[in-house]
Amino acid sequence: MAASSTVVPCYDTPEGVDVRGRYDPAFASVLTRDALAFVAALQREFRGAVRYAMEQRREAQRRYDAGELPRFDPATRAVREGDWKCAPVPPAVADRTVEITGPAEPRKMVINALNSGAKVFMADFEDALSPTWENLMHGQVNLRDAVAGTISYRDAARGREYKLNDQTAKLFVRPRGWHLPEAHVLIDGEPAIGCLVDFGLYFFHNHAAFRAGQGAGLGPFFYLPKMEHSREARIWNGVFERAEQAAGIEKGSIRATVLVETLPAAFQMDEILYELRDHSVGLNCGRWDYIFSYVKTFRAHPDRLLPDRALVGMAQHFMRSYSHLLIHTCHRRGVHAMGGMAAQIPIKDDAAANEAALELVRKDKLREVRAGHDGTWAAHPGLIPAIREVFEGHLGGRPNQIAAGASDAGAAVTAEDLIEPPRGGRTVDGLRLNTRVGVQYLAAWLAGSGSVPLYNLMEDAATAEISRVQNWQWLRHGAALDAGGVEVRATPELLARVVGEEMARVEAEVGSQRFRRGRYAEAGRIFARQCTAPELDDFLTLDAYNLIVAHHPGAADKAE
Ligand SMILES: CC(=O)SCCNC(=O)CCNC(=O)[C@H](O)C(C)(C)COP(=O)(O)OP(=O)(O)OC[C@H]1O[C@@H](n2cnc3c(N)ncnc32)[C@H](O)[C@@H]1OP(=O)(O)O
Ligand SMILES: O=CC(=O)O
Ligand SMILES: [Mg+2]
């Protein structure tokens, strides 16, 4: 066959870097040779430490599986008891009363979030984003244009133009967790560490514009997810220092809020802040991943089975204790103690149900602000006025309540409080709902959507994980489930029947055509396998990641 003379466009990559994702000129404007060299340098410097940290996670889990309980580390008592503070709060983000979150792609949503009236927008490459190549790269392009202030979007179907207001939310970016690879970028022949791609590209292109504009001399600002130990925070601190050096900006410019959203990390709050003390802007109660982590950590402990997912809220003792300890720790160290996400979203077609949902959000936010939280999260712009009213009403003109100091409730929290088993019943209806939600979320994620509305609640990777691991846990330990007054055992046979019936119900709800065209059947198979796996998969997004990887020959190789 004659060789084609057409040259397929490809990325200009530095030595040792291979980009396997689809070529797109817009993506190439972010995947520049220098930016990729920066990401590669980070990967080469920190990959050993990341590998070790992931091995330590597995080692800790082996100990929990053998019966050990999480505890405060005696080796770091001096850090917990020491009298030290984090760097002063940057004036640009002193007021974080309401933060909206959402995926970094679609573009329209980024503009809506920045215009939403929230103080902060957390642009997400994590729980809310399915990490397809297209989503990740469009996300980077969106954020670059957002920081430059030039982002716009035309919705042709609705004849609507989107552009930034004069006043916008301050941008925080949440890269992926340490565990996720980026299979479209190979560095020295191995997949890049996903979060270093997210962080590296964003930092490289935006640090100067961000500091000149949004950050008022500091920044960029980040949220750091899913850490389990302070050694992981130490790696981030090293990454930040290296990035600051490379950019020629002073140490402490980059700031980050760490999500305390794993059970082991709740025993490491001081240690995490200490590692990041020059770069910290507080901690956040990532409540959904925290519940997921409780199940994961105690997967071999039949005495700690969760009740139905709907019953595991912030009123449970272990959740309340974690929130109090986080507030106490943050205020003692002079930084924000951020609340978490209520899962309710506006209900468009039922005013009474909408008001009831709003009331639940108000109640949740009132509990947070009364406990001492300095700000909180909103999943949807429609919730912001109600949340602002609660927080601003309580704060009475103060930007935060850090100066109120450490709380007594937090000082009294013990290791036993943090692991007290949640109370409530376990039902076959709970197993069904987990299945319906898990399958639909997975189908959406495989199709490229990382956050979706399901049954009037926001669902993302963290909430879907609870559905998956709860089913697994109940099956693993043969939990007794209430089936309308009759007790049945959770078994693989019961799950198989439930999956079959719930798939039929989902098909009826979404319509046969959408069901056939979507990835529901595949999602059903994956979800059933994950719930019955002999060993619990660490993350559903890791297990299913290969199904969304799309290597593109033209991207890496020049045509002959
Ligand atoms: C556990 C955790 O990690 S929580 C943090 C991660 N999760 C998230 O960030 C979830 C964020 N929220 C969302 O993704 C969305 O609100 C969803 C998927 C739950 C619902 O989205 P939709 O179905 O599009 O909501 P809806 O149709 O009511 O949207 C109305 C408008 O609000 C916008 N909107 C909705 N949510 C958001 C948001 N979070 N940020 C910005 N804009 C939003 C929509 O883009 C739409 O705009 P338009 O009128 O210009 O078209
Ligand atoms: O990231 C937030 C959570 O609740 O999980
Ligand atoms: Mg999370």
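List of remarks:
- 3J(HN,Hα) couplings calculated from phi for the stretch 399-408 with the Karplus curve 6.51 cos²θ - 1.76 cosθ + 1.60 (θ = phi - 60°) are, in sequence order, x, 6, 10, 4, 5, 5, x, 6, 8, 5 Hz; Gly and Pro show x.
- Rounded if a/c under 1.5, otherwise prolate or oblate - the stretch 372-450, Cα gyration tensor axes: oblate
- Where trypsin sites (Lys or Arg not before Pro) fall in DSSP loop in the stretch 122-204, at most 12 other Cβ within 10 Å: Arg158
- For Gly282, the residues whose modelled amide H falls within less than 5 Å of its own, excluding neighbours fewer than 5 places apart on the same chain, are Val258, His336.
- Rounded to whole Hz, the Karplus (6.51, -1.76, 1.60) HN-Hα couplings of the stretch 491-497, x for glycine and proline: 9, x, 5, 4, 4, 4, 5
- Tensor-based shape of the stretch 317-468 (alpha-carbon gyration tensor, a/c under 1.5 rounded, otherwise prolate or oblate): oblate
- Residue pairs, from the table Lys119/Lys348; Lys296/Lys363; Lys85/Lys363; Lys85/Lys251, whose Cα atoms sit over 27 Å apart: Lys296/Lys363; Lys85/Lys363
- For Thr427, the residues 5 or more places off, or on other chains, whose built amide H falls under 5 Å of its own are Asp308, Asp482.
- Whole-number D in µm²/s for the chain (Stokes-Einstein; Kirkwood sum over Cα pairs; 20 °C, 1.002 mPa s): 89
- Annotation for the stretch 406-461: trypsin sites (Lys or Arg not before Pro) lying in DSSP loop with at most 13 further Cβ atoms inside 10 Å of their Cβ are Arg423.
- When both bridge partners sit in the chain, DSSP labels roughly 40% of those beta bridges antiparallel.
- Relative protection proxy for 279-287, 220-228, from highest mean packing down: 279-287, 220-228 (other beta-carbon atoms within 10 angstrom).
- Looking at the stretch 115-200 alone, DSSP beta bridges between its own residues are antiparallel in about 60 percent of cases.
- Shape call, the stretch 401-529: gyration tensor on alpha carbons, a/c limit 1.5: oblate
- Applied to the stretch 460-475, the Karplus parametrisation 6.51 cos²θ - 1.76 cosθ + 1.60 on θ = phi - 60° returns per-residue 3J(HN,Hα) values of 9, 4, 5, 5, 5, 4, 4, 4, 5, 6, 5, 4, 4, 4, 5, 5 Hz, with x for Gly and Pro.
- Peptides ranked, highest mean first, by Cβ atoms within 10 Å: ranges 58-69, 358-369, 184-195, 438-449: 438-449, 184-195, 358-369, 58-69
- The packing ranking, built from the mean of other Cβ atoms within 10 Å per residue, places the peptides 529-539, 306-316 in the order 306-316, 529-539, highest first.
- Proximity of backbone amide H atoms, modeled 1.01 Å from N, is registered between Val98 and Lys119, Val120, Thr376 at under 5 Å, excluding neighbours fewer than 5 places apart on the same chain.
Read-outs throughout are calculated quantities, based only on the coordinates presented, and are distinct from any laboratory measurement. All figures in this text were calculated on a predicted structure; none of them were measured in a lab. Neighbour counts are summed over all protein chains in view; Cβ atoms, including those assigned to glycine, are modelled from backbone coordinates with ideal geometry.
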